[in-house]
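For reference, the structure is listed below as structure tokens.
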């Protein structure tokens, strides 16, 4: 069908009317198309494309080493050879990959740092989880001088309470164009039974910071 020839076969008034209707349809179609595209973009941003915070949690925690010992005579001596073995579980809830950089985990006794461990970087695929091992060795020589007496009492009393803090920075990539930087953190308190060398209780809190 040759529209141009058909238009030429019409009277001038008819041609103007036809062109007017076409312009009207075009003017109505463009805003409608833009509106539909905006609705689709809004739905995607609220569902599929909405960034979700990656989370880190403690899957398991065990102890290894030798039970702490205290010698009172002739010289006060504390033997501490304990390693806290933690399996961290990082869950990526996004529809896009989560790449995390080197992380860090520390262990504290009465607020003072007595051990630390570096966590390797990596990448977690969309909607997947990955385990990350972390070995924290408690170093007695890092116990603050004012806390030595408390450590002796705790060991003799059969319970030593320590805390671990873990920080894993990373970013969520959206089609390699948009990036959202996040830091997944966890803080746990462990009660270690002495001399049984068992974790009697565990209390953890998790958070994601921007």
- [ ] Considering every residue within the stretch 64-80, establish whether at least one is modelled with pLDDT of 90 or more and within 19 Å of residue 201 (Cβ to Cβ).
- [x] yes
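Please verify whether the stretch 161-181 includes one or more residues that are more than 30 Å from residue 52 (Cα to Cα), at pLDDT 85 or above and touching a strand residue (DSSP E or B) at 6+ places or on another chain (Cβ under 9 Å).
Of the residues in the stretch 161-181, the ones more than 30 Å from residue 52 (Cα to Cα) are 161-162.
Restricting the remaining residues to those that are at pLDDT 85 or above gives 161-162.
Then keep just the ones that are touching a strand residue (DSSP E or B) at 6+ places or on another chain (Cβ under 9 Å); that gives 161-162.
Yes, because at least one residue in the stretch 161-181 is more than 30 Å from residue 52 (Cα to Cα), at pLDDT 85 or above and touching a strand residue (DSSP E or B) at 6+ places or on another chain (Cβ under 9 Å).
What residue, of 135, 153, is assigned to a helix (DSSP H, G or I), under 30 Å from residue 194 (Cα atoms) and modelled with pLDDT of 90 or more? Before you say what the answer is, go through the steps one by one.
Details: 135 fails: assigned to a helix (DSSP H, G or I).
Answer to the check: 153.
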TODO: Pick out the one residue from 150, 167 that is in contact (Cβ under 8 Å) with a residue 40 or more places away in the chain and under 20 Å from residue 117 (Cα atoms).
DONE: 167
Task: Cross-chain or 6+ apart pairs with Cβ under 7 Å, the stretch 109-128 first and touching a residue at least 40 places away in the same chain (Cβ under 8 Å), then surrounded by 15 or more Cβ atoms within 10 Å (Cβ to Cβ) and in a loop (DSSP other than H, G, I, E, B) - done: 109/143; 114/139; 114/143; 124/92; 124/97
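Just one of 111, 115 is within 20 Å of residue 197 (Cα to Cα) and over 14 Å from the mean Cα position of the chain (by Cα); which is it? Quick ask: steps written out before the conclusion?
Numbers: 111 fails: within 20 Å of residue 197 (Cα to Cα).
Only one candidate qualifies: 115.
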Task: Criterion: touching a helix residue (DSSP H, G or I) at 6+ places or on another chain (Cβ under 7 Å) and in the same structural domain as residue 64 (by TED's automatic domain parsing) - qualifying residue of 152, 182, 160 - done: 160
Open item on the list: With the requirement that a residue be surrounded by 12 or more Cβ atoms within 10 Å (Cβ to Cβ) and out of contact with any strand residue (DSSP E or B) (no Cβ under 8 Å at 6 or more places or on another chain), what does the stretch 129-152 give you?
Closed with: 150
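The values are calculated or read from the model by the stated rules, or taken from the named source; none is laboratory data. A quick note: this is a predicted structure, and the numbers were derived from the prediction, not measured. Neighbour counts run over all protein chains shown; Cβ positions are idealised from the backbone, glycine included.
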